[in-house]
Amino acid sequence: MNVAGSIELACDASRGRTRLRTIRCEGLSRSSRALREPSGAIRLVLSALGPGVLAGDSFTLTGTVDEAATLTACGRMATPVFAGDAPSEIAADWEVAAGATLLVAGEPLVLEPGSMLRARATFAVQAGGRAISVDTFALRGAARLSMRTQATLAGRLVYRDAFETSATDAAYGTVAVICATAAARSALLEAAPRVGMRFPTVRMGSGETSGAAIVRLRGADLWDVRAAAFALAEAVRTAD
């Protein structure tokens, strides 16, 4: 497995403003400067050099969002995953402190025929913290996608998801919120019918645990699915 790129970052807050304390990018991985958002939050645009994920590539990300900090980490463009003899891997591990908010919206993954991708994400959220995750993907031909997501809240497992598909007739998405506040989880679940009316070609199913809420999306067009997923995430981000 070729380690094609890695990012390590940490954010903290001072006087009501989030700041990027440290960041280290290696290999093909890149990050924008910290872009200011309302209410003292920051946004990072994460990307990779080159045409996409080549067979056998491995990309890793490790992020820490300290107490009272608010970070949006998003992708810049769709990422093609190319075929080859070896599978590609993407792994992300996040720590979210009490009073912190993290929104992760990765680039849409587009698997080329013959490709295989293993994606993994973990979220360790402390009591009073909030993490919102958005994933969208589609297959252009006979390919294989395996995604594993796990989240803990105050050290307790609240969300574990295993998704595998080789279907080429649809685009998929998952929006998850991990937090102890019931209002934030309800905001996601209540937004699903409203967003569904705006995107009638996107089907949605939802579920909830004691510390997480999840909406799964499926549609014929990747960009409709992604737009619907972002609308869901925005409803959670602005919830009290």
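The values are calculated or read from the model by the stated rules, or taken from the named source; none is laboratory data. Fair warning: this is a prediction, and the values are worked out from it, not measured in the lab. We place every Cβ from the backbone using ideal geometry, glycine too, and count neighbours over all the protein chains shown.
Looking at region 133-206, what strands (runs of 3 or more DSSP E) fall wholly within it and have at least 2 residues that are closer than 15 Å to Trp94 by Cα and touching a helix residue (DSSP H, G or I) at 6+ places or on another chain (Cβ under 9 Å)?
Because the criterion is at least 2 residues that are closer than 15 Å to Trp94 by Cα and touching a helix residue (DSSP H, G or I) at 6+ places or on another chain (Cβ under 9 Å), the strands (runs of 3 or more DSSP E) in region 133-206 that meet it are 171-179.
Consider region 125-175. How many of its residues are among the β-branched types (Val, Ile, Thr) and under 27 Å from Ala68 (Cβ atoms)? Selection size over region 125-175: 7. Across region 182-219, the number of residues qualifying as touching a strand residue (DSSP E or B) at 6+ places or on another chain (Cβ under 7 Å) and either loosely packed, with under 13 Cβ neighbours inside 10 Å or under 24 Å from Thr152 (Cβ atoms) (or both) comes to 16. Only one of the numbered conditions (1) aliphatic (A, V, I, L, M); (2) part of a helix (DSSP H, G or I); (3) touching a Leu at 6+ places or on another chain (Cβ under 6 Å) is not met by Ala213, and that is (2). Of the listed requirements (1) crowded, with 23+ Cβ neighbours inside 10 Å; (2) modelled with pLDDT of 95 or more; (3) hydrophobic (A, V, I, L, M, F, W, C), Val158 misses just one: (1).
I'm trying to understand the selection: among the residues of region 146-194, which are of a type in the set (D, E, K, R) and farther than 11 Å from Ala212 by Cα? Scanning region 146-194 gives Arg148, Arg156, Asp161, Glu164, Asp169, Glu190, Arg194. For region 111-119, the criterion of being under 17 Å from Leu46 (Cα atoms) and among the acidic types (Asp, Glu) is met by none of the residues.
Filtered by the rule that a residue be surrounded by fewer than 22 Cβ atoms within 10 Å (Cβ to Cβ) and part of a strand (DSSP E or B), region 104-120 gives Ala105, Val110, Met116, Arg118, Ala119, Arg120.
Residue pairs whose Cβ atoms lie under 8 Å apart, sitting 6 or more positions apart in sequence or on different chains, and linking a residue in region 220-240 that is within 10 Å of Ala138 (Cβ to Cβ) to a partner that is among the hydroxyl-bearing types (Ser, Thr, Tyr) and surrounded by 15 or more Cβ atoms within 10 Å (Cβ to Cβ), are Leu222/Thr136; Val225/Thr136; Val225/Tyr172; Arg226/Thr136. Ser58 falls short on exactly one of the conditions (1) over 19 Å from the mean Cα position of the chain (by Cα); (2) assigned to a strand (DSSP E or B), and that condition is (1). For beta carbons closer than 6 Å, sequence separation of 6+ or different chains, a first residue in region 10-33 that is more than 30 Å from Asp57 (Cβ to Cβ) and a second that is modelled with pLDDT of 95 or more and among the β-branched types (Val, Ile, Thr), the qualifying pairs are Thr18/Ile42; Thr18/Thr70. Consider Val45 carefully, then state whether it is under 24 Å from Arg148 (Cα atoms) and buried (at least 22 other Cβ atoms within 10 Å of the Cβ). The answer is no for Val45.
Inside region 220-229, residues that are crowded, with 19+ Cβ neighbours inside 10 Å and within 12 Å of Val175 (Cα to Cα) make up a count of 4.
Pairs meeting the criteria (first residue in region 66-84 and part of a loop (DSSP other than H, G, I, E, B), second residue modelled with pLDDT of 90 or more and of a type in the set (Ser, Thr, Tyr), beta carbons under 7 Å, at least 6 apart or on different chains) are Ala69/Thr18; Phe82/Ser115; Ala83/Ser115.
Taking Ala127 as the residue in question, decide whether it is small (Gly, Ala, Ser), surrounded by fewer than 22 Cβ atoms within 10 Å (Cβ to Cβ) and part of a loop (DSSP other than H, G, I, E, B).
Working: small (Gly, Ala, Ser): yes; surrounded by fewer than 22 Cβ atoms within 10 Å (Cβ to Cβ): yes; part of a loop (DSSP other than H, G, I, E, B): yes.
When the stated conditions are applied, Ala127 passes them.
Filtering region 1-47 to residues that are of a type in the set (Asp, Glu) and assigned to a loop (DSSP other than H, G, I, E, B) leaves only Glu37.
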